[in-house]
Structure formats: structure tokens, C-alpha cells
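Here's the structure we're looking at; comments come further down.
Readers should treat all values here as calculations from the given coordinates under stated rules, not as data from a laboratory. These numbers were taken from a predicted model, which means no experiment stands behind them. Here the Cβ positions follow ideal geometry from the backbone for every residue, glycine too, while neighbour counts run over all protein chains shown.
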Amino acid sequence: MRLDAERVRADFPILGTNARGKPLVFLDSAASAQKPRAVLDAMQRFYETSYANVHRGVYELSERATQAFEGVRSQVARFIGAAEAREIVFVRGTTEAINLVAHGLARTTLGPGDEVLITAMEHHSNIVPWQMACAERGARLRVVGIDDRGDLVLPELDKLLGPRTKLLALTHVSNALGTVNPVREIVKLAHERGVPVLLDGAQAVPHQRVDLQELGCDFYAFSSHKLFGPTGVGVLYGRADRLEALPPYQGGGDMILSVRFEASTYQGIPYKFEAGTPDIAGVIGLGAAIDYVSRLGLDAIAAHEHELLGYANESLSRVPGLRLIGTAREKVAVISFVLEGIHAHDVGTILDQHGVAVRTGHHCAQPVMERYGIPATVRASFALYNTRADVDALVRGLNKAREVFA
Amino acid sequence: MSDLRELYQSVILDHNKAPRNFRRPAAANRSAEGYNPLCGDQLSVFLTVEDGVVKDAAFEGSGCAISTASASLMTEGVKGRRVEDIEKMFESFHRLMTSNPSSPAEDEGLGKLAVFGGVREFPVRVKCATLAWHTLRAALHGSAAPATTE
């Protein structure tokens with residue numbers, strides 16, 4: 001099944017609007033994706049017809065809300081190939097998912113001299129929580145390097161996976177470089193050494209089919225808002241035994257079995273990690289987003305974006321002075337680049353004047369920028385609703401930038 | 001597109017291409033680092049202050065055209081001035097940058113620095129223009145912590 005991008009575009013109300021008086025060309029989906037009407041409608045409908053707090057009321061409305069909420073948990077489990085719905089923890093986003101695991105690991109497993117292994121292409125959200133956990137426990141954070149193209153240096157990974165390694169945390173797909181890591185092989189290698197693996201899937205899930213049974217990782221994290229769903233919701237998958245081994249993250253209502261002043265007892269997974277009233281409508285929105293991409297087909301989405309990536313690479317190669325940052329063997333449609341003699345922010349401002357929205361800066365990945373000796377890049381990131389016309393608008397804007405700075 | 005020409009005036013483009021006072025003077029007795037966490041712009045300002053007068057001003061670092069040109073023009077503008085006059089310049093510049101873009105620019109006493117009036121139309125770029133000034137002020141006040149635009 002081929003993706004009809006023009007029809008897809010019509011599903012996204014914001015893509016019909018203007019920016020700076022020009023039709024919006026949205027090339028910043030890696031930061032956050034736009035929302036289809038189906039998601040907006042589902043949330044509105046839920047508030048209008050089925051809203052009440054979950055897991056609490058004996059009344060019909062609360063029961064209905066709970067069913068819808070828990071229905072999305074099962075839906076997420078099917079979507080990413082988790083074995084059971086209780087392996088799905090609803091959190092605020094990928095950042096909170098990683099913090100939850102880091103916090104738990106610090107309290108249960110990490111000790112002085114232990115090591116947590118990450119890579120040089122991580123987003124700050126997969127660096128700082130581990131830094132904090134390591135500092136708290138006297139453990140050491142170790143980093144696998146990347147090469148000039150933006151691929152992981154696998155022999156280095158092999159060397160650093162040692163007897164003191166308590167966890168390997170790495171990104172499935174790099175947000176700054178677009179690199180798709182060979183995570184299946186990496187998980188296999190880590191497991192051979194007895195090291196559990198957390199994958200940051202924030203940039204993977206919107207662009208390709210993810211099957212956790214195939215990947216075999218211990219933890220997987222992603223955000224609703226990058227998957228065309230609302231902000232404020234994310235998913236932590238944890239294999240049941242791994243989740244059971246972690247202590248609760250926050251204390252409060254809904255995560256307890258009984259509360260006494262002497263001591264409280266906690267729920268089982270996933271509820272022991274879900275203190276307080278969750279973002280119920282957000283979860284409903286995530287469910288609608290998963291429905292939406294599933295209907296289009298993740299394989300069709302991946303094929304569309306791959307074709308677009310090829311076209312964009314070819315078009316951008318004709319812009320004089322443009323240098324791509326990140327040319328890994330396998331990539332998603334995330335293109336970081338610099339223009340000779342023009343700072344990324346100036347490029348961003350000029351593109352914005354032409355209605356083209358891109359991200360400029362360090363993309364919450366300062367170590368990546370340092371690796372390539374640049375302060376910032378321009379990043380154009382594509383999603384299922386982008387077309388060749390968007391690439392053409394980008395190229396036109398870049399040529400304007402070159403004129404201004406000629 | 002007239003806004004874009006307002007922003008990237010030829011003076012700004014010229015100072016970006018060939019920044020003045022882009023060096024680290026050995027005689028400098030005041031310095032500070034400035035950092036814009038939003039975009040990663042980073043610069044250091046070096047001052048030689050004698051008898052309450054800034055005898056020399058220079059900078060180093062990396063940033064966009066607006067922040068580079070602002071630092072360049074600033075170092076030119078403050079050289080030879082008394083510290084208290086520079087404080088006033090800082091305030092005038094800051095006022096200009098944060099004023100409503102639809103009101104006429106109050107750029108009296110700013111001389112060449114008035115070219116940054118066009119930045120007002122681009123709120124996210126205002127910090128690019130003010131970074132050098134915050135850093136200059138930190139150098140004058142001898143702050144140990146790096147200046148930021150936040």
C-alpha cells in the first residue's frame with residue numbers, strides 16, 4: 001500500500017495554515033509532530049461523552065473511562081509487540097520514562113564502581129538521568145563513540161560492555177543525525193554479557209514498525225507527541241520481570257494497595273509506577289494516534305519517508321556550500337546540515353520568513369555537536385505528511401539565505 | 001521580505017563577516033563568558049579598564065550573524081568610554097531591544113548600534129543581540145558565573 005501524502009495532509013488541520021503569510025512548510029517533526037483531526041476529535045469526544053477519573057468510581061462513566069484508558073494500554077502493547085499490557089507504563093514522555101528507570105536502577109542495582117553505558121549520539125534526556133544516577137551511587141558513566149558518518153563504533157561498544165556494566169542505554173534512532181542503530185544485534189551482544197538494554201525509541205516509533213519481540217530489549221521508551229498524539233503522555237515498556245524489580249518512582253494515590261502510617265503496600269506493575277491521576281484524555285489521544293498510523297501502515301510510512309529522504313539528499317547536494325552532518329548507512333528522514341559561512345540560526349530565521357519551519361541549534365545533543373566541531377546545525381526532519389514540494393521549498397529558502405549572505 | 005532586510009542590514013553583515021576586535025588582548029584586566037543556552041552561542045568579552053575608562057574592548061567566540069555583529073559593534077562603541085556611560089548604553093540598548101516593534105525605535109545615543117532596531121521584529125533573536133552586552137556587564141561587575149541571556 002502506497003501512502004497518498006496529499007490525502008494525508010488533509011487530515012492535519014494545521015498544514016492548511018500560513019506561517020509569515022506563506023503556506024506552512026513544517027520540517028520539524030523530530031521535535032514534535034503535528035496532530036491529525038482524528039486525534040483532536042477523539043480527545044474532544046472523550047471529554048464530551050466519556051470523561052471521569054479512572055480506576056476509582058463504581059459508576060458507569062468512570063467504568064467507561066477506565067475501559068477506554070486500559071484499552072489503550074493493550075493497544076500500545078500490541079503496537080510495539082509487548083508480551084503483556086502490564087508491561088506498558090504510562091508516563092509523561094520519553095524523558096520521564098528514562099528517569100523512572102534511572103531512578104530505580106540507582107536505588108536497587110547501581111553501586112560504587114559500577115558502570116552505565118551510553119553512546120555519543122544520545123539526546124540529553126538519555127545522558128543526564130544516568131549522570132545523576134551515577135553521581136548518586138558513585139558509579140561511572142561510559143560512552144561509546146561515533147564515527148564521522150554518524151554510525152556507532154561497534155568495536156568500542158564491544159570493549160566497553162564489561163563485567164561492571166549494569167545497563168546499556170542507547171537511542172534506537174538519533175534525533176540529531178538520523179542514524180538508525182543496529183539495535184537488534186546490539187541487544188543480542190549486551191544480553192550475551194548479561195547486560196540489560198534500554199532503548200530510546202522517541203525518534204523510531206513514528207517512522208517505522210517496532211517489534212519488541214524481535215528487538216528483545218529490556219526497556220523501551222517513546223513519546224506520544226512525536227507520534228502525532230498529544231503532549232504530556234509517553235510510554236515506558238519494561239519486560240515484566242524488569243519492571244517488577246524496580247521500586248515505585250513516585251508515591252501517591254492509585255499506586256498503592258493499602259496505606260497505613262506505619263507502612264504502605266504497593267500495587268503490582270504497571271500501576272505501582274502510575275501515582276496520581278494520569279493524563280487520561282492524553283492517553284485516549286495516543287490511542288487515536290496509534291489507530292491513525294496503523295491505518296496508514298507503518299511500512300507504507302517508512303517507504304514514503306525513505307523516498308523523500310533520497311529526494312532531499314539529492315536536492316540538498318546541489319546547494320553550494322551545504323555539508324550534511326550525519327550520513328550513516330541506515331537513516332530516517334532527519335537531515336542535519338550546515339551552510340558554509342552562515343550560522344544555523346541565521347539560516348533558520350531566513351527559512352522562517354519563507355514559511356519553512358526547521359530546527360536550528362544543538363538539538364538537545366550538545367555532545368554530538370562537539371563531536372563534529374560545530375556549534376549548531378540546521379535540522380530538517382520529515383514525517384508522513386511531508387512531500388517533495390516541502391523539500392523544494394526548503395531548497396528555495398536555502399538559496400535565499402545564500403543570497404542574503406552573499 | 002522587507003523585515004529580513006531590516007534584520008540583516010549591510011552593517012550587520014559586514015561586522016559578521018569581518019568582526020572588529022576579535023582577539024584576546026594580553027593586557028585585559030576584566031573578562032567574562034557569555035552563553036545562550038537556547039542556541040549554543042558562546043562568547044568571551046575582554047576589557048582593559050583603567051581609571052574608570054574602558055581603554056580596550058575585544059571578544060572571541062562563536063555565534064550567529066546577529067550576536068557576532070552585536071559583539072563587534074559593541075566593542076567598537078564602548079572603547080574609550082567611562083564605565084558609567086557604558087552602563088547607560090547597556091540600558092538604552094536593552095530598552096531598544098525590548099521595546100514594542102510597532103513603536104518608533106528610541107535609539108538616541110546609540111549611534112551605529114541603532115542598526116539592531118530591526119531585531120525587534122524577531123523576538124527569538126533578541127537574545128542573540130543582547131548576549132554580548134550581558135557579557136560585557138558581567139565583565140564590568142566582575143561576576144564569576146558566566147552571563148546568560150536567560
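Points to keep in mind about this one:
- Sparse packing (at most 15 other Cβ atoms within 10 Å of the Cβ) combined with a DSSP loop state is found for the following trypsin sites (Lys or Arg not before Pro) in the stretch A:283-367: A:R318, A:R329.
- Where only DSSP H runs of four or more residues are counted, chain B gives -12500 deg cm²/dmol as its mean residue ellipticity at 222 nm, each run worth -39500 (n - 2.57).
- Extension gain for the segment A:R7 to A:H191, taken as residue separation times 0.36 nm less the Cα-Cα distance, is 61.9 nm to one decimal.
- Spatial extent of the stretch A:40-294: Rg and Dmax, with the Cα atoms as the point set, Å: 18.5, 60
- Violating pairs (Cα-Cα greater than 31 angstrom) within the set A:K331/B:K127; A:K159/A:K331; B:K55/B:K112; A:K22/B:K88; A:K35/A:K166: A:K331/B:K127; A:K22/B:K88; A:K35/A:K166
- For chain A, the relative contact order is 23 percent, taking Cα pairs closer than 8 Å that sit 6 or more residues apart in sequence and dividing their mean separation by the residue count.
- Each part reduced to its alpha carbon centroid, the stretch A:267-311 and the stretch A:30-76 end up 13 Å apart.
- Computed lengthening from A:E262 to A:L40, 0.36 nm per intervening residue step minus Cα-Cα distance: 75.4 nm
- Estimated at 0.36 nm per residue, the fully extended path between B:R24 and B:S102 surpasses their Cα-Cα distance by 24.2 nm.
- When shorter helices are ignored and each DSSP H run of at least 4 residues is given -39500 (n - 2.57), the per-residue value for chain A at 222 nm works out to -12000 deg cm²/dmol.
- Proportion of all alpha-carbon pairs of the stretch A:34-190 beyond 18 Å (%): 69
- Pairwise label distance in nanometres, A:H55 with B:V83, each label 7 Å out on the Cα-Cβ vector: 6.0
- The stretch A:152-231 shape via C-alpha gyration tensor axes, a/c threshold 1.5: prolate
- Most fluctuating residue given options B:L13, B:L131, B:L38, as computed from a GNM of chain B linking Cα atoms under 10 Å: B:L38
- 5 angstrom amide H check on A:I256, placed H, neighbours 5+ away: A:Q267
- Residue list for the stretch B:62-97, given a label point 7 angstrom along the Cα-to-Cβ vector of B:Q9 and an amide N cut-off under 15 Å: B:66-67, B:69-74, B:77, B:93-94, B:96-97
- Taken as entire DSSP H runs, the helices of chain B never both span 18 Å or more between Cα atoms along their own long axis and average 1.6 or more on the Kyte-Doolittle scale.
- Computed over neighbours whose Cβ is under 14 Å from that of A:A333, the net charge equals -1, Lys and Arg +1, Asp and Glu -1.
- Shape category assigned to the protein assembly as shown from the gyration tensor of Cα positions, a/c cut at 1.5: prolate
- FRET efficiency for the pair B:D51 and A:A406, taken as 1/(1 + (r/R0)^6) with r the Cβ-Cβ distance and R0 = 41 Å, rounds to 0.35.
- Average Cα contact separation per residue, the stretch B:10-150, under 8 Å, 6 or more apart, as relative contact order %: 30
- In loop segments of the stretch A:171-230 as defined by DSSP, there are no chymotrypsin sites (Phe, Trp or Tyr not before Pro) with at most 15 further C-beta atoms inside 10 Å of their C-beta.
- Rounded if a/c under 1.5, otherwise prolate or oblate - the stretch B:2-148, Cα gyration tensor axes: prolate
- Between B:E91 and B:S62, the FRET efficiency estimated from the beta carbon spacing at R0 = 30 angstrom works out to 0.65.
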